[in-house]
Each structure stands twice: as C-alpha cells, then as structure tokens.
Amino acid sequence: MKKIVLLLVTVMVMAAALTACSVPGKPKAQTVTTDLFEITMPEELSGIYEAETEEGMISIYHKASREAGFPGLAFIIWAREIPSEYAGGPYRKVGELVSDGRYYDVVKGEATEVQWDYNEEEPEDFKKLYDAADSIIENMIATNDGTFMYGAGTKGEELYGYTLSQFKDALKSGADAVALEKSGYSGEFYAMLESGATLEDIGYAFHDVNVDGIDELFIGRRSDGAVFDIFTMIDRHPTQVVGGSARNRYYVYNDSFIANEYSGGADENGWNVYNLECNSTEMVLQWAYKYDGYENAENPWFKSWGDEVWEPVTEDEFNEAREKDSVYTDLGLLPLSEFEF
C-alpha cells in the first residue's frame, strides 16, 4: 500500500513540475515538410505565416497580407533536378540536395514586386519572415535518407578548381595561342607570356555576376584588371562564356553586368554592357557606345540600346557615358602562380 501511495505522489510531483515548466499559449517551432526536405519555422514566427507545399517546393506567405487580399509571398524554397527549369527567374541557388542518387539544386525564390499593401510601409512581421529565410534554409534537412548541403555548388573555389588547374598546366607546358583556344581558353595569355609576363601577372577571381547564387570565373591581367576569359556553370559544368584579346577586353560593371571594351582600328573603338543569362553563355546587350570615324568622320559618336540600331550623340554625352561606365568592379585578381588544386 505504501508503494502505491509513493508512486501516486511521484506521478503527481512530476505532473506538477511539467505544468510549471510549460507556459499556456506559448508558440512552438513548427515543421513544414515536402517530399524532398523539411524546414523548421522558429517559434517567434508562429502565427504570422502560412505555408504551402508542392512537389519539391515550400512557399512561405505573410498571413496578414494574404488575409487583406495581397499576395504576401515572403520566400520560396525549391529543389530542382535540372537547373534550366528554374534559371532566369527570381531564384538564387543556396545549396544542393541528393536523394535516391539524384542531384537537385536548392534555390531560394523571392517575389519581384511588392507583396503587401503598397500604400503602407513594409509590415514588421513580413520583414521578420523575409530576414529569417536564409537561416531557415541553412538549417533545413533532407527527408527519406537524403542529404542537403547548404552552399554546395555555389562557390568558385569548389566549381572551377579543375578548370584553373588545366589552364595553369597548359601555360606551364608552353601551350601556344592555338592550343589554348582549342582547350577553351583565350590565346591572349600566350601573347602575355611571350611578352615577358609570368604566372604572377595572370590572375583569377570568382564573382556571381548574374546574381543567381553561383560564382563565375574571371581570368585576366592583374596589372589593370582586364579580363580575357569568363566561365560560368551550365547544368553544373564549367563552360567558357567569352575569350578576349588585347583589343577585346572584359570587365565587371556595377557588380552585376559585363562590360566589353573593344578596338576596331585607329578610328573605331567602343564598349558594350551585357547581362549574362543564368545557366547560359548568352550575354544580352543592355546598351553600347562607340566612336566610329569610319562611319562618320564629322560626328563619330554613337549609342545603341541593344537593337543593333546606332543613333548619333554629342561628344559631351559620349564622354559623360564613358566616364560613368568605365568605373568597374575591382575583382581583386589573385595570382595564378599561387593557385593549387
């Protein structure tokens, strides 16, 4: 009898302790699951969001905005097996997921327009959701014995090691311009070495120029930052975008565009500004200026907006544009001589 009483007392004490430790109505972290992965929404976000799931996708919405009749999209997490299925939209790669032997790019999607009442300032709760996205994705896990690797497949050091190693070996073995071009590199680097440059003078850098979450590779001349080779990832494979020359150089303009300076002779030179398409080598012309005395010796200044139609401009307008567009992003090219794979 004493044992039964003691057991009852013990159970009552434990129940009281559990009751004392719990706070009625306190929000708890919640798990949202789809077929490939699951995320945990922090407890401080409880009650301010709604989640919708589809195959390989979770969309998080701001609840109050939706209830008020606005879209309310805060962010999307999407796992896509084929990069071209999402490339070009408002998505940024944040990692890779492997499930049942299949590889998926995990991307973060964002809205391209205001998702709340545009007559009001951004709701504080909406900002909380938006700001929490990266942390939520970083801590997500793959389901069904899969593996999620945050940041995988996005950094240049991981993506272009073999490409740079092959390039460095080719230069060290004395490959000429033709051999370099056949291997997918600019022949200008052979000309540099023939003129007395060393591997110390040739540099490389990684930079996400098309803002898709995946670094591009830039190889160029360290003395002035001119780039002669640009590589990007196409379906997870390093691919040459352009190969330049002394009269056809490339730079990164305003962090997210590619500028091309060229010379067509003593009386012709100019520059083009491009946007690099995602998962593609296609560069879309945004605008261009040129000095072309062959076309018009009296008024040789022209501009184009990507339609291959040139219109004359004044010398002042040309010089003003030249001054603005020649402020390039410093890539901080690292010496190829120090690269090790």
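Coordinate-derived values only; no laboratory data. These figures come from a predicted structure and were not determined experimentally. Cβ: placed from backbone, ideal geometry, glycine included. Neighbour counts: every protein chain shown.
Numbers for the structure displayed
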| read-out | value |
| --- | --- |
| Segment 23-150 - Debye-derived log10 I(q)/I(0), Cα point model, q = 0.21 Å⁻¹ | -1.22 |
| Scattering profile of the chain at q = 0.09 Å⁻¹ [log10 I(q)/I(0), Debye over alpha-carbon scatterers] | -0.67 |
| ³J(HN,Hα) computed for each position of segment 241-255 - Karplus, 6.51 cos²θ - 1.76 cosθ + 1.60, integer Hz, glycine/proline x | 8, 9, x, x, 8, 4, 9, 8, 10, 10, 9, 8, 10, 6, 6 |
| Helix-only mean residue ellipticity at 222 nm for the chain, each DSSP H run of n ≥ 4 adding -39500 (n - 2.57), per residue, nearest 500 | -7000 deg cm²/dmol |
| Simple spin-label estimate for Ala191 and Glu122 in nanometres, 7 Å along Cα-Cβ | 4.7 nm |
| Computed over segment 134-257, the ratio Rg/Rh where both radii use C-alpha atoms and Rh is Kirkwood | 1.07 |
| Shape box of segment 143-185 [Cα atoms, principal axes, largest first, Å] | 51, 15, 14 |
| Unit Cα scatterers, Debye sum, segment 156-338: log10 I(q)/I(0) for q = 0.11, 0.13, 0.14, 0.15 Å⁻¹ | -0.50, -0.69, -0.79, -0.89 |
| Segment 274-332 versus segment 234-263: alpha-carbon centroid distance in Å | 15 Å |
